[in-house]
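S.K.: Below you will find the structure I want to go over with you.
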Amino acid sequence: MHMAGTNSTSPPPDAAVTPLLGGKRITVIAGHYGSGKTEFALQYAVALARGGQKTALIDLDIANPYFRSRQRQAYLEERGIAVYSNTYHLDITADLPAVTASIRAPLEDPLTRAVVDAGGDDTGARVLVQFDKYFSGPDCEILCVINANRPETGTTEGACAHIRRIEMELSLPVSGLICNTHMLRDTTADDILKGLALCQSLGDALGIPLRYTLCPQVLIPEVVCRLTELETDVTDRKFQAKLNSFFPFDRLLMREDWLDIIVD
């Protein structure tokens, strides 16, 4: 048998290219189940810490028992990222639908970049309401992950409805889009381009800018080349926004290597 992708049991070095990270001190990452929301939250937190910023990852995704950022707590803490999740900080309680009051600490610390992994869909967004005073302030931004390969958000209409439900639950606006159209390790340039087209249509419909495009580092040259070939005006603001949005990575942090074992 052989392993698709890396066959190392230890994490490889972080991506050589660090994305340009602006944004507010508190970044809430929302998105539909299966969108890759948690993957982006981890990649974002690692990039912030790599850039020398004091960083905390707050896992508020208590509704989904399968893919949660706290599953990579050791990996994150090795990189200087504080992780906040359930009440007791014990493995035996990891599946309890509860969060600790201690998560208020990074939200209140003006020196900490807090990345909040919110629950999927509008149901998960309800958990955020109890922390409204932090998320409704000027230090916070709410970004929504869009995966064009998910049936619920694969069209402009579906993605618009999804964002509107989140905004209604929070009574707060989504301020930016994260393009994360993928097929795990089988992601191609076609997937990235498909996602960028959807995000442009979605942004035009809702007036929400594209902030990041999560993309395997090895695919970026091809995607940029094909984008440029399709563009009639390379000085166009929307085209430049796409080019500036690329968030490269070299390893899926939420994908176990054993899941890609292929038996010959």
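Each reported figure results from applying straightforward, stated rules to the coordinates on display, with no laboratory input. Everything numeric in this text was worked out from a predicted model, so none of it was measured. All Cβ positions, glycine included, derive from the backbone under ideal geometry; neighbour counts span all protein chains shown.
S.K.: Any chance you could check the Cα centroid distance between segment 130-187 and segment 197-214 for me, in angstrom?
M.R.: Centre-to-centre distance over Cα atoms comes out at 11 Å.
S.K.: Among 242, 133, 37, which comes first, second and so on when ranked by fewest other beta-carbon atoms within 10 Å?
M.R.: Details: 242 21, 133 11, 37 31.
So the residues, fewest neighbours to most, are 133, 242, 37.
S.K.: Whose amide H sits under 5 Å from the amide H of residue 176, counting only residues 5 or more places off or on another chain, with H placed in the peptide plane?
M.R.: 142, 144
S.K.: Assuming R0 = 25 Å, what is the FRET efficiency of residue 194 and residue 225, from their Cβ-Cβ distance, to the nearest 0.05? Write down the numbers at each step before the final one.
M.R.: Values: r = 16 Å, r/R0 = 0.65.
FRET efficiency, residue 194 to residue 225: 0.95.
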